[in-house]
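Readers should treat all values here as calculations from the given coordinates under stated rules, not as data from a laboratory. Owing to the predicted nature of the structure, the values given are computational and were not obtained by experimental measurement. Cβ sites come from the backbone with ideal geometry, for glycine too, and all protein chains shown count toward neighbours.
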Ligand SMILES: [Zn+2]
């Protein structure tokens, strides 16, 4: 029996990967902030991205977050996600 793994599409590169290999980004319902959901327990609208800062850069250029969350995303949010990526990935 093969276990079916949940797959998600990266908002940066567009590749479909196992959810477990990806980072979840969440917009909390009561806020415009988008944060990394490291524990995957946060409520709110979510999007997935590879654990690769290059994908975050791609998402910034292609407005991946804007498309996923259907709102305008200030550069500030990309900047802070970038910092979390850098420090959270080791
Ligand atoms: Zn990716």
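Here are a few things to note about the model shown:
- Pairs of Cα atoms in the stretch 35-80 fall into 5 Å distance bins, from 0 up to the last occupied one, in shares of 5, 19, 33, 28, 14, 2 percent.
- Summary value for the stretch 7-88: 30 percent relative contact order, contacts being C-alpha pairs under 8 angstrom separated by 6+ residues.
- Note on the chain: helix-only mean residue ellipticity at 222 nm, from DSSP H runs of 4+ residues weighted -39500 (n - 2.57) and normalised by residue number, equals -10000 deg cm²/dmol.
- Folded to 0 to 90 degrees: helix 75-88 orientation relative to the chain principal axis, Cα: 50
- Computed extension length for residue 61-residue 84: 6.4 nm, one decimal, from 0.36 nm per residue of separation with the Cα-Cα distance subtracted.
- Exposure proxy for 71, 42: other Cβ atoms within 10 Å of each Cβ, ordered fewest to most, give 71, 42.
- C-alpha long axis of helix 53-62 to longest principal axis of the chain, angle in °: 60
- Computed from the Cβ-Cβ distance with R0 of 25 Å, the FRET efficiency linking residue 51 to residue 71 stands at 0.55.
- Bins of 10 Å from zero: percent of alpha-carbon pairs in the chain: 17, 54, 24, 4, 0
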